[in-house]
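For reference, the structure discussed in these notes is given below.
Bear in mind that the values in this text are calculations on the coordinates, not laboratory data. The structure presented is a predicted model; accordingly, all values stated were derived computationally and were not measured. Note that each Cβ is placed from the backbone with ideal geometry, even for glycine, and that neighbours are counted across all protein chains shown.
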Amino acid sequence: MRFLYKQFQAKKKEIIEVEIDQPTKVKFMTASEFKKYKKGKTHSFFGGRFEESPIRFVLPFDSMWNVVIEKGSYHEPMQLAASCRLMMPDRQVMSSIAADAPAHVRAQGWLDAGEVEAISQGGQSEG
């Protein structure tokens with residue numbers, strides 16, 4: 001697997017913004033999950049395949065965060081330009097639920113402690 005990555009020491013509610021020039025997978029993961037990813041092991045992440053940018057991810061908790069932008073396989077790498085930056089929290093955003101999330105998810109509002117724990121375990125797994 002070929003990939004680009006950037007690491008941020010970031011706090012809850014800060015936003016990581018990623019710009020990509022073509023569709024690809026963008027993964028947001030903690031440092032421990034990134035170590036698993038580099039070794040080709042099963043790992044958890046937030047994100048997925050994105051067709052357009054910018055991609056904005058509101059951090060659900062304080063941690064060392066890694067942004068991974070996949071460039072295809074080892075034998076068939078893609079030419080890809082990407083950039084990412086850490087943005088301060090948007091005081092208008094009251095939760096880490098995406099503005100374009102389905103209505104039933106937005107209606108949920110604030111997350112309870114159990115849901116925060118589930119999120120901290122990772123949004124998806126792959127490996």
Once the in-chain neighbours fewer than 8 apart are removed, the lysines whose Cα is under 27 Å from Lys13 read Lys25, Lys27, Lys35, Lys36, Lys38
HN-Hα J in Hz across region 7-22 - Karplus 6.51, -1.76, 1.60, θ = phi - 60°, x for Gly and Pro: 10, 9, 8, 9, 10, 3, 6, 5, 10, 9, 10, 10, 10, 10, 9, 7
For the pair Ser83 and Glu19, the simple spin-label estimate (label points 7 Å beyond Cα toward Cβ) gives in nm 0.4 nm
Here is the link list: Lys11/Lys71; Lys12/Lys41; Lys39/Lys71. Which ones come out longer than 22 Å on Cα distance? Lys11/Lys71; Lys12/Lys41
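Counting other beta carbons within 10 Å of each Cβ, put Glu33, Glu17 in order, fewest first.
Working: Glu33 24, Glu17 15.
Taking fewest neighbouring Cβ atoms as first place, the list is Glu17, Glu33.
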